[in-house]
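Beneath this line is the structure, given in structure tokens, with notes to follow.
Any read-out appearing in this document is the output of simple, stated calculations on the displayed coordinates, not a laboratory observation. On a predicted model such as this, the values are computed, not experimentally measured, just so you know. Methodologically, a virtual Cβ is constructed for each residue, glycine included, from the backbone with ideal geometry; neighbour enumeration extends over all protein chains shown.
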């Protein structure tokens, strides 16, 4: 991944309970490629990651969803984690950010349970994506097309299933942003 993303700013949207590696690995890959990666959350201060079902580390929040302006970013990354994804999907400000990003034809990269936010924001109709397998019915019922694949790119939407897919997810994200 030698593409330069110098000058690009990426927002990672989370609440407490995100799958930690689904934030840290994309953030590290983006920063190594030259991008700035901001953590946006529903509260100021810190958010806690999780290692599947066990509490993980605390991370500094760059801005709250309310403070963030979509025009300041080039892409959004939506990490998964069941706790995070179940909470963030019902936060109006998080929905507003992903809707604004979609309207601006901005790259939205989502992994695992992170697709729940897109379902709740009504952004999966007629789109093809992948996710953790238990979200298949949610995606299909929202009018989307679900496939079981390591990484799926549908226009500006990039999706992956699980932490094991992070290398392919990060590669696709960086290549898309560098194009």
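Across region 9-178, C-alpha contacts under 8 Å between residues 6 or more apart give a mean separation that, scaled by the residue count, equals a relative contact order of 20 percent.
Of the residues 8, 136, 43, the one with the fewest other Cβ atoms within 10 Å heads the list, and the complete ranking is 43, 136, 8. Taking Rg and Dmax of the Cα atoms in Å as calculated from this structure, the corresponding entry among [x] 15.0, 51; [y] 19.8, 75; [z] 14.4, 39 is [z]. Among 139, 88, 70, a tally of other beta-carbon atoms within 10 Å of each Cβ gives an order, fewest to most, of 70, 139, 88.
Shape of region 80-179 from its Cα gyration tensor (a ≥ b ≥ c, root eigenvalues): rounded if a/c is under 1.5, otherwise prolate when a/b > b/c, or oblate?
Since a/c stays below 1.5, the shape of region 80-179 is classed as rounded.
Ordering 73, 145 from the fewest to the most neighbouring beta carbons within 10 Å gives 145, 73.
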